[in-house]
Amino acid sequence: MYDCRGLVALNESTSWSFPGAKWRRSRSISLAKRGFCILSMGNHTQPRYVVYGSSRGRDIPIFVMMPKDTFGIDSSGTPRIRRIKALTMSLKALKLAGVHGIAVEVWWGLVERSSPFSYNWFMYEELFKLILELGLKLHVALAFHSSVHTSCGTKNHISLPPWVLKIGGINKDVYYRDQHGICSNDYLTLGVDHVPLFCGRTALQCYEDFMLSFVTNFRSLMGSTIEEVSIGLGPSGELRYPAHPVHDGRWRFPGIGEFQCYDKYMMEDLRQAAYQLGKPEWAEKKPESAHYYNSHPSEVPFFEDGEENFLSDYGHFFLDWYSAKLIQHADAVLASATSVFKNNQDGQLNSVLLVAKVGGVHWWYRTPSHAAELTAGYYNTATRDGYDPLGTVLSRHRAALHIPCLEMLDNETPRACCCSPEGLLEQAFSMLLMSLLAFPGKHFLMSKMQNVARKKILFVTGRNATERLDKDGLCRIITNSRYSEADCIRSFTYWSMNEKIFQFDNWNNFVLFVKKMSNRR
C-alpha cells in the first residue's frame, strides 16, 4: 500500500472559496416553499419521487474506495491481502483525516473460488477486523464481475470463479456477445438469470447464495460497521451492458459502442418478444445500421435519420426490449438482495442501505439519440427519460441510486464529443427531487402526507468518475453534493485510495474536502 509516515499536519489557515456552480439548464426549474422544487422536464415524463434525507446542514459521510491491487492470489492459489502493514498505515491516516469509512469490493471470484458453495471469507474477516479496530465504517460492494476493466494488469486481475469460467469455456453463450460473436467473460449475460447452468443453479441463485453466505458470516457487523452494501448488477458492478469494452481494444472514447444481446439466450427472448407483438419479421432482425464500437452518431443511420432508426417502430421495439431486460435484471437481483438483507432493512438508524450503481455514460448526451447510452442499455433520448423505470425499481426495493460524475464539468470534456456530465447529473437529480408544496395552516400536514403517499421514496449516494485531487475538482463535488435544489446526497464514495492521495498538496486538499463535506471547521 502506501507509506504515510511523511504526512504532515494540515495548515489550519488554508482555506477555499466555493463559487456557486451554475448549471446550464435544458429544463426549467422553479423553487417552491421550504427549499423544495418542482422540475419541468420538457418532453421527459415527470416522475413522482420523494428523496429520503436532506444533505443540507448535515454531514455527508465519505467512504474511500480501496485500490484494486489490495487483493492477490498467492503461490498456493489462496486469496490474500497484499502489503497489510502499509495498508494499515494508510487506513490510520484516512481515519485521522476524518474519513467516515472504507469502500471494499467483495469479489465473487475470490470468495467462491475453489468450487460451488465453498465460500472462503477468511481474507475479508481479517480486513473487516482491521477496519473495525480503527473505528472506520464499511461500504461493501458485492462484485459479481471481474476486475478486467480496472486492474492495472493481468497480474492482479480478479476473474469470475474458475468453475464458472470452465462452464463458460464449454458454453460461451453464458457471456454477453456483440454482433461479431465476440464475448467477454467479465460478467454473466442476464440471459442466464433463470437458466440452471451453474451446477444446477441459475445465475440469480448463485448471486443470492453468495449474498446469503455473506450476511450469515458478517451478521454481527450489519448496520453497525457495514452501513452500505452495493449490489453488483453488471460490468464494474454497474447496471449496464458491456457496450464499451476498452480493456481489449475493441472500443475507445468517444465511440458509441455496440449492442450486447447476441448470446443465444437473449436472442431467443427477442424472438419471443417479436412474436408476442405480432411482428414475426422482427424475430431475427438486428439493428444492422447501428455500425461499430468506434463510430460516431453522425455516421450511423440507426442513430440519425435512417429508414429504421431509433425513432422508428422497429427502433422503439428493439430499444424498449433491450432496456427492459436490463431493468428486469436489476429488479430480480435486488429482489433477492432485499430478501437476504430484510432483517437489516428495518429503516432504523442501524439499518443497511442497499445501493445500485449506474454508469456515467455522458458522451453524445447532447445529441438527439444519446447513442452511447442506448448501447449501454439506457433508453434515454432527447424525448424519452430512460432512467425513470430504474427509479421505480429502486423505490420498490428501498435501494439507493449511486450516481457518478459529481466532479465533472461539460467544458472540461471534448466539445466535438457532445459530452454533458452536467446534463446527466442534472437528469439524475431531477428524477429524484421532491415535488412538495407547503400549504399553510392545518391543511399542510394532510396535503404533505397525501403527496408523499403518491410518490416513491428514493435514496441517493454519489461518487467521482475520474480521479480528482485538485481544489477545483473537490470543490465541485461539494457543490454538487449540496446542490441546493436537490440537496439529497446521503453519502459519497471517493475513487480511490492510491499513492497520489497521500502526496503533500493532494493530501491537504483532500483533508479540507473531508472537513467541508462533514461540516467541520
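The values are calculated or read from the model by the stated rules, or taken from the named source; none is laboratory data. Being a predicted model, the structure only gives us computed values, none of them experimental. Cβ atoms come from the backbone with ideal geometry, glycine included; neighbour counts cover every protein chain shown. What goes into the accessible areas is simple: the full protein's heavy atoms, side chains included, and nothing from ligands, DNA or RNA. Shrake-Rupley method; radii C 1.70, N 1.55, O 1.52, S 1.80 Å.
Residue under question is E238, and the condition is that it be of a type in the set (D, E) and at pLDDT 95 or above; does it hold? Break it down stepwise before answering.
Working: of a type in the set (D, E): yes; at pLDDT 95 or above: yes.
In short, yes.
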(message) For the list (1) touching a Leu at 6+ places or on another chain (Cβ under 9 Å); (2) under 23 Å from E208 (Cα atoms); (3) open to solvent by 30 Å² or more (accessible area, probe 1.4 Å), I need the number of the one condition that D305 fails.
(response) (2)
(message) Pairs please, first residue from region 287-304 and within 14 Å of H370 (Cβ to Cβ) and of a type in the set (V, I, T), second anywhere and open to solvent by less than 60 Å² (accessible area, probe 1.4 Å) and modelled with pLDDT under 90, Cβ atoms under 7 Å, 6+ apart in sequence or on different chains.
(response) V300/S289
(request) Test T392 against the stated conditions and say whether it is surrounded by fewer than 18 Cβ atoms within 10 Å (Cβ to Cβ), more than 21 Å from C261 (Cα to Cα), in contact (Cβ under 8 Å) with a residue 40 or more places away in the chain and within 19 Å of the chain's Cα centre (by Cα). (result) yes
(request) Determine, yes or no, whether S289 is at negative phi, hydroxyl-bearing (S, T, Y) and open to solvent by less than 60 Å² (accessible area, probe 1.4 Å). (result) yes
(message) I'd like to check which helices (runs of 4 or more DSSP H) are fully inside region 71-176 and have at least 1 residues that are within 30 Å of N509 (Cβ to Cβ) and in contact (Cβ under 8 Å) with a residue 60 or more places away in the chain.
(response) 84-96, 122-133
(request) Test T338 against the criterion of being open to solvent by less than 20 Å² (accessible area, probe 1.4 Å) and touching a residue at least 24 places away in the same chain (Cβ under 8 Å), and give yes or no. (result) no
(request) Can you work out which of the residues in region 60-84 that are touching a helix residue (DSSP H, G or I) at 6+ places or on another chain (Cβ under 9 Å), under 15 Å from I501 (Cβ atoms) and of a type in the set (A, V, I, L, M, F, W, C) is surrounded by the most Cβ atoms within 10 Å (Cβ to Cβ)? (result) V64
(request) Please enumerate the residues belonging to region 469-487 that are touching a helix residue (DSSP H, G or I) at 6+ places or on another chain (Cβ under 6 Å) and either part of a helix (DSSP H, G or I) or at pLDDT below 95 (or both). (result) K471, L474, I478, A486
(message) All but one of (1) more than 18 Å from the chain's Cα centre (by Cα); (2) under 19 Å from S298 (Cα atoms); (3) assigned to a helix (DSSP H, G or I) hold for R366; state the number of the condition that does not hold.
(response) (3)
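Conditions (1) under 25 Å from K172 (Cα atoms); (2) open to solvent by 20 Å² or more (accessible area, probe 1.4 Å); (3) basic (K, R), marked per residue:
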position: T216; (1), (2), (3): no, yes, no
position: I226; (1), (2), (3): no, no, no
position: A243; (1), (2), (3): yes, no, no
position: L270; (1), (2), (3): yes, no, no
position: H296; (1), (2), (3): no, yes, no
